[in-house]
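Have a look at the structure below, then the notes.
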Amino acid sequence: MFLTTLLSLALISLGSNLSARTPTDDDPAEQARFRKQSGANLRQLVIAMHNYHNDYNCMPPHAIYDKAGKKPLLSWRVAILPYLEPHRDMDALYKRFKLDEPWDSPNNKALIKDMPKFFAMPGVKDEPGMTHYQVFTMPLTLPAGKTGKYMPMFSLSKKQVDPGATHRSGWHQQYHLPR
C-alpha cells in the first residue's frame, strides 16, 4: 500500500507541476479547463494502478514481456486497461490486444487509434495515439511484481516540462529514452 500511495502522490504532483505548461491556448479559462481535465486523467490512472495492485499485490510492470521475459512487447498502459473506467469498454479493448506480439505487429498497431482519453494530455495537439505519460525504471527503483523487474517510476515526458522536447510514444508502445 505504501508503494501505491507513493505512486499516487507522484502522479498527482506531476500533474499539478505541469498543468500550467500543457495548454496551447493562452485563455485563462481554457487553461483552467485543461488543468482540471489533466487532474481527472491522472486520478483515473492512479485508481487503475491501485486496482491492479489490489488484484496482483504488486504495481503494474513497466512493460508486458514475451514468454521468455526478455523482450518488452507492450506498454504498462495496456496492462492497466481492464482497470480504467468504463471497465467494460477498456476490458474489451484489452482483449483485442495480442499480448504475445510486439506493439508494432499488424494486430496491435491497428489499435493505436483506440487510445483511451486518459492517456492524452488536454490542450496538447499531437498525432493520434501519441501520449506523453511515461515510466522509467532503473536499478535504484524498487523491485516490482512477479517479473522481478524494477518498479516503474511514473512520469511525464520531457516534452510536458519543456515544450520544445520530443519524448513521447505510441500509447501502447514500450518507450526507451534515447541515450
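The values are calculated or read from the model by the stated rules, or taken from the named source; none is laboratory data. Only a predicted model underlies this, so the values are computations on that prediction, with no experimental measurement involved. With ideal geometry, Cβ positions are generated from the backbone for all residues, glycine too; neighbour counts draw on all protein chains shown.
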- Enumeration of residues in region 49-63 that are in contact (Cβ under 8 Å) with a residue 40 or more places away in the chain and either under 19 Å from LEU99 (Cβ atoms) or of a type in the set (Gly, Ala, Ser) (or both): MET49, TYR56, CYS58, MET59, PRO60, PRO61, HIS62, ALA63
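Per-residue answers, yes or no, for (1) at pLDDT 60 or above; (2) assigned to a loop (DSSP other than H, G, I, E, B); (3) under 25 Å from ASN51 (Cα atoms):
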site: LEU73; (1), (2), (3): yes, no, yes
site: ARG88; (1), (2), (3): yes, no, yes
site: LYS98; (1), (2), (3): yes, yes, yes
site: LEU177; (1), (2), (3): no, yes, no
- Query: Restricted to region 15-39, and to residues that are at pLDDT 50 or above and under 16 Å from THR131 (Cβ atoms), which residue is surrounded by the fewest Cβ atoms within 10 Å (Cβ to Cβ)?
  - Reply: GLN37
